[in-house]
Amino acid sequence: MIELEGLQKHYGKIQALRGISLNFDPEQVVALVGPNASGKTTLIKCLLGMVIPDGGRILFDKNDIAGDVNYKRRIGYMPQIGRYPDNMRMGYLFGMMKDLGKNRITEHFDEELLATFNLEEMFAKPMRALSGGTRQKVSAALAFMFNPDVIILDEPTAGLDPLASEILKQKIQKERKAGKLILITSHIMSEVEEIADSIAYIVEGEAKFFKRIQDIKSETGEERLGKALFHLLSK
Amino acid sequence: MNKIIKYVLHDIFRNRILLAYVVLLSLSSFGLFMMNEDVSKGLSSLLTVLLIVVPLVSILFTTIYFFNSYEFIELLVAQPLKRSNILLGVYAGVGLSLLTAFWIGIGLPVIIFDGTATGWYFILSGSLLTMVFVSLAFLASVITRDKTRGIGIAMMLWFYFTLIFDGILLMVMFAFSDYPLEKLTIFLSCLNPVDLARIMVLLKMDISALMGYTGAVFNQFFGSSLGIVLSMTVMLIWIILPISIALRIFKRKNL
Amino acid sequence: MISEFKFCRQLKHNTAVTKPNFAEAPFIRACFALVMLLFCSFSQIEAHEIIVKQGTKINTIQKALAMAQNGDIIRVTASTYFVQDLLIEKSVSLIGTGYPVLDGQKKSNILIVRAPNVTIKGFIIRNSGISNIKDKAGIRVEKGDSVSIIDNRLENTCFGIYLAKVKGGTISGNTIHGINSVIQSGNGIHLWYSHYISILNNKISGQRDGIYFEFATHCTISRNLSEQNHRYGLHFMFSNNDTYTFNTFRNNGSGVAVMYTKYISMTNNTFDQNWGSSSFGLLLKDISRSTISNNTFSRNTSGIYMEGTSDVKCVRNNFLNNGLAVRMLADCEKDTFLLNNFMGNTFDFTTNGTENLNFLKGNYWDKYAGYDLNRDQKGDLPYRPVSLYSQIIEKLPSAVFLLRSFMAELLDKAERALPSMSYVNLYDNEPSMHMIQR
């Protein structure tokens, strides 16, 4: 569904992506894993057209995304930090996002998370009055809103309370089963182990490997993913 | 784009700083008009507000608003929306809000106290000046990622146009005082929208008579219809050029 | 009639001379008064009245004048009379009832007075000829001493009232309104080599100069309104010992200009709204030993412009909302400014030199930012009315471009903090802390 071909990006002298090639197929959860500043976020931003790569290309259903915005209709995105217009009430924000994305959907909006996170109760509050966790919930709800084929979640559970994390994880699983491609970044291995099918391991702008978690475990003979990764990388 | 303008307006009209700006402008204009029995005197005192406060608030408010909305702009970019539409939408939204604030805070009192051509000219100059500094603020905002630096650049631009430029101009005048400088000065004034706005208003106010012989040259130029068209055009260029550059940068910018 | 008149005058003269005697002898004084009264009433009875009226035998003023003798009164009833160069060579009173119109049909002068003791009252005088060489006037008086021109309305005359070599006389209550262009218009009230004239309560507008004096001395100009004239509201030169009080000069092309004159007194006048790039409230050129007091200068480009003046006292004047209150060139000396109010002016004072031979004291300056610790109502620091920015403009006329800019304001603020930046040696050592009441 998404093909990265020799993707390169540098910021000044810093080489953030050094020719990454990856293929993501639907109906799976892929975790982008790697140390800090390894290029995960840059990769996501390239996918979303927020960062324009210097070299290589990205194909979305065989179409190059360079200079295109329409493919984004099929992507939902939850940023690492969500900030919204300070003086807007939450209800108005959702209304606005629906309005801006009107052409993205033919059927109903997916408002499941709105209900399960109990966000509707807070519709009257202005965005500046919300806690970081609540804003994360808003971001998550917005990412799933348009029932997109691809959902990209940047550090989705950071800042969420355990209950909300659980709700989100269940939602991710549900969407995967519905045939969607879900890309997440995360530092928490237990979480990755719990929700992801495969791992793309990225170090210094290169994809070290892209494997199914089961394969990693059986390859290394370790039960826990963290250990398995450690094992794999220290080889 | 219209939707973005609408939502930016919805947000900014609830902004407390903007509200404070309106109050500040209203207080100073009503205060100055009531303190001076003479309307034109009040207007010329208000000119200082127009030339210093309006550019400062316009450029600072816009820059801060831009950086506070940075993550939201990112989110909008991740939506199926064109970058140019996003930036121009936010630009138009911020510009319209600041213009509205200016119209309520200064425009209204000016019309109430001095509904003459001078008053309208005053409002026109202020409106153009507001938009020039909103444009400059967008330029300052897109060339850096860092909020503090962005605000620093905005402040420097304001400082440059309200003070440093005139200081340099004065030094140039001193250095070449043996030559007739009127034409050069007219040309140089086009390089500073604040000077241009000031001259446009001054020549409509009766204070222009003070300018004597040298002023007569300015009067002849800026008072003629060609001069008015030309100075308007230059002001419009000052609005369009920075925002166009900002747009070019923003289109390729890594968010 | 003539002899009687002369006698009457001699009698008056005598009474003046013999005054001390009267004081000693009240009885004789009473007798004389009685005789005087008799004479006066007698002479009034003797004066003939001639009535000019359409449809009667005397239907033109010319006919009436031909019949009249000195001292007669010619009453002209309301109608329109076409007259040109109508010569009045007898000492008569020409009195209009119901404002008869004397129309000159734009050809020449309308009335010419060449006799003493002529009165012209209550006419509408309109449409004189237009000539710049011959100075066509509505009422032209040549050597007609003790003339009285009262309550007339002059419309569309080139010159309004023109006095040449006249001694004594009153011009009062006239309205003079010109409609000609700058080149074609003459002066409203024009005096040339005339003395002891009183000009009172006239309204003059639309002329070249409202009031023009050349070699006119010992005149009193009081309570006139001169406005919207093309050039000067009041213009005089070589006219010593004149007094100007309670006049208003408003919105004239170039304000008021007075030149080459000594011993004048200008008090309680208003100089208002004389705007324009070469306009001033009052221009003084080579004026000496004169007093300018209790006047108001408001909304002029320059309130007073002084060039080559000496020993001029400016006392208790108000300078309000002028672009520039006083411009005093470096060749002025021994002028004093006392107890004036300077308020709301863009610039209070400018000069073109660094040395100063004039004297400022006890004025009120609204821009003064000093303090009064000893509470004597006088500022403890001297005030320097010539601002740094105005000094820069003096050296560098282009710098006027920065008028009202932040830069210009900052320069003046800096000067206030560091007075040493200023190099003009002109200051008020005892600035008043309060507005001066007058």
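Look at residue A:59 and say whether it is more than 10 Å from every other protein chain (Cβ to nearest Cβ) and touching a strand residue (DSSP E or B) at 6+ places or on another chain (Cβ under 6 Å). Against the criterion (more than 10 Å from every other protein chain (Cβ to nearest Cβ) and touching a strand residue (DSSP E or B) at 6+ places or on another chain (Cβ under 6 Å)), residue A:59 qualifies. Taking the criterion of being surrounded by fewer than 18 Cβ atoms within 10 Å (Cβ to Cβ) and not in a helix (DSSP H, G or I), the only residue of region B:61-85 that qualifies is B:82. Take the conditions (1) within 14 Å of chain C (Cβ to nearest Cβ); (2) at pLDDT below 95; residue B:158 misses just one of them, which is (2). Of the helices (runs of 4 or more DSSP H) lying entirely inside region B:86-161, the ones with 3 or more residues being among the hydroxyl-bearing types (Ser, Thr, Tyr) are found at B:117-142. Considering only residues in region C:402-427 that are closer than 11 Å to residue C:386 by Cβ and either polar (S, T, N, Q) or part of a loop (DSSP other than H, G, I, E, B) (or both), the one that is nearest to the other protein chains (Cβ to nearest Cβ) turns out to be C:423.
Set side by side, the residues A:23, A:36 differ, and just one is out of contact with any strand residue (DSSP E or B) (no Cβ under 9 Å at 6 or more places or on another chain) and within 23 Å of residue A:232 (Cβ to Cβ), which is A:36. Annotation: of all residues in region C:165-181 being within 18 Å of residue C:223 (Cβ to Cβ) and hydrophobic (A, V, I, L, M, F, W, C), the one that is nearest to the chain's Cα centre (by Cα) is C:171.
Note on region C:73-128: among residues that are touching a Leu at 6+ places or on another chain (Cβ under 9 Å) and acidic (Asp, Glu), the one that is nearest to residue C:143 (Cα to Cα) is C:89. What tally of residues in region C:260-280 results from selecting those that are under 18 Å from residue C:310 (Cα atoms) and in contact (Cβ under 8 Å) with a residue 40 or more places away in the chain? Qualifying residue count, region C:260-280: 0. For region B:165-177, which residues satisfy the criterion of being at the interface with chain C (Cβ under 9 Å from one of its Cβ atoms), aliphatic (A, V, I, L, M) and within 20 Å of residue B:234 (Cβ to Cβ)? Across region B:165-177, the qualifying residue is only B:169.
Scanning region A:15-31 for residues that are in contact with a Gly (Cβ under 9 Å, 6 or more places away or on another chain) and assigned to a strand (DSSP E or B) gives A:15, A:16, A:17, A:18, A:19, A:20, A:21. In this structure, does residue A:216 turn out to be aliphatic (A, V, I, L, M) and modelled with pLDDT of 90 or more? It is false that residue A:216 is aliphatic (A, V, I, L, M) and modelled with pLDDT of 90 or more. When you scan region C:119-141, do you find a residue that is at pLDDT 95 or above, among the polar types (S, T, N, Q) and within 19 Å of residue C:174 (Cβ to Cβ), even just one? Yes, region C:119-141 contains a residue that is at pLDDT 95 or above, among the polar types (S, T, N, Q) and within 19 Å of residue C:174 (Cβ to Cβ). Looking only at residues in region C:207-228 that are among the small types (Gly, Ala, Ser) and buried (at least 20 other Cβ atoms within 10 Å of the Cβ), the one that is farthest from the chain's Cα centre (by Cα) is C:216.
The single residue among C:340, C:345, C:363, C:352 that is crowded, with 21+ Cβ neighbours inside 10 Å and within 14 Å of chain B (Cβ to nearest Cβ) turns out to be C:345.
Tell me which residues, restricted to region A:79-90, are within 10 Å of chain B (Cβ to nearest Cβ), buried (at least 18 other Cβ atoms within 10 Å of the Cβ) and either over 13 Å from residue A:127 (Cβ atoms) or among the aliphatic types (A, V, I, L, M) (or both). If the condition is that a residue be within 10 Å of chain B (Cβ to nearest Cβ), buried (at least 18 other Cβ atoms within 10 Å of the Cβ) and either over 13 Å from residue A:127 (Cβ atoms) or among the aliphatic types (A, V, I, L, M) (or both), then A:79, A:88 are the ones that fit. None of B:33, B:13, B:66, B:72 is closer than 20 Å to residue B:153 by Cα and not basic (Lys, Arg) except B:66.
The set of residues from region C:188-221 being closer than 24 Å to residue C:96 by Cα and part of a loop (DSSP other than H, G, I, E, B) comprises C:188, C:201, C:202. Out of the residues in region C:366-401 meeting the condition of being assigned to a helix (DSSP H, G or I) and of a type in the set (A, V, I, L, M), tell me which one is farthest from the other protein chains (Cβ to nearest Cβ). Within region C:366-401, the match that is farthest from the other protein chains (Cβ to nearest Cβ) is C:388. Inspect all residues belonging to region B:178-196 and state whether any of them is within 14 Å of chain C (Cβ to nearest Cβ), part of a loop (DSSP other than H, G, I, E, B), crowded, with 16+ Cβ neighbours inside 10 Å and modelled with pLDDT of 80 or more. Looking for residues that are within 14 Å of chain C (Cβ to nearest Cβ), part of a loop (DSSP other than H, G, I, E, B), crowded, with 16+ Cβ neighbours inside 10 Å and modelled with pLDDT of 80 or more, one finds at least one in region B:178-196, hence yes.
In summary, strands (runs of 3 or more DSSP E) completely within region C:66-106 and bearing 2 or more residues that are touching a Lys or Arg at 6+ places or on another chain (Cβ under 8 Å) occur at C:86-88, C:93-96, C:101-103.
In the set (1) without any contact (Cβ under 8 Å) to a residue 40 or more places away in the chain; (2) surrounded by fewer than 20 Cβ atoms within 10 Å (Cβ to Cβ); (3) small (Gly, Ala, Ser), residue C:71 fails one condition alone, (1).
Condition check ((1) more than 12 Å from the chain's Cα centre (by Cα); (2) assigned by TED's automatic domain parsing to the domain that holds residue C:190; (3) assigned to a loop (DSSP other than H, G, I, E, B); (4) within 15 Å of residue C:302 (Cβ to Cβ)) across all residues:
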position	(1), (2), (3), (4)
C:260	yes, no, no, no
C:275	yes, no, yes, yes
C:278	yes, no, yes, yes
C:281	yes, no, no, yes
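For residue C:231, indicate whether it is crowded, with 16+ Cβ neighbours inside 10 Å and either outside the structural domain of residue C:144 (by TED's automatic domain parsing) or outside any strand (DSSP E or B) (or both). Taking the combined requirement at face value, the residue satisfies it. Do you know which of the residues in region A:91-105 that are of a type in the set (D, E, K, R) and under 15 Å from residue A:77 (Cα atoms) is farthest from the other protein chains (Cβ to nearest Cβ)? Filtering first and then ranking leaves A:98. Kindly establish whether residue C:349 is aromatic (Phe, Trp, Tyr), over 30 Å from residue B:176 (Cβ atoms) and either part of a loop (DSSP other than H, G, I, E, B) or touching a residue at least 40 places away in the same chain (Cβ under 8 Å) (or both). Answer is no for this residue.
If I filter region A:4-11 for residues that are more than 9 Å from chain B (Cβ to nearest Cβ), modelled with pLDDT of 90 or more and buried (at least 22 other Cβ atoms within 10 Å of the Cβ), do I get at least one hit? Yes, region A:4-11 has at least one match.
Applying the criterion of being part of a helix (DSSP H, G or I) and without any contact (Cβ under 8 Å) to a residue 24 or more places away in the chain to the residues of region B:12-27, the residue that is nearest to the other protein chains (Cβ to nearest Cβ) is B:16. Taking region C:274-308 as the region of interest, how many residues are β-branched (Val, Ile, Thr), surrounded by 24 or more Cβ atoms within 10 Å (Cβ to Cβ) and away from chain B (no Cβ under 14 Å)? Residues in region C:274-308 being β-branched (Val, Ile, Thr), surrounded by 24 or more Cβ atoms within 10 Å (Cβ to Cβ) and away from chain B (no Cβ under 14 Å): 3 in total. Of all residues in region A:66-78, none that is facing chain B (nearest Cβ under 7 Å) and closer than 20 Å to residue B:253 by Cβ has its Cβ atom under 7 Å from the Cβ atom of a residue that is surrounded by fewer than 15 Cβ atoms within 10 Å (Cβ to Cβ) and of a type in the set (Asp, Glu), 6 or more apart or on another chain.
The values are calculated or read from the model by the stated rules, or taken from the named source; none is laboratory data. Since we're looking at a predicted model, the values are computed, not measured. No Cβ is skipped: glycine too gets one built from the backbone with ideal geometry, and neighbour counts run over all protein chains shown.
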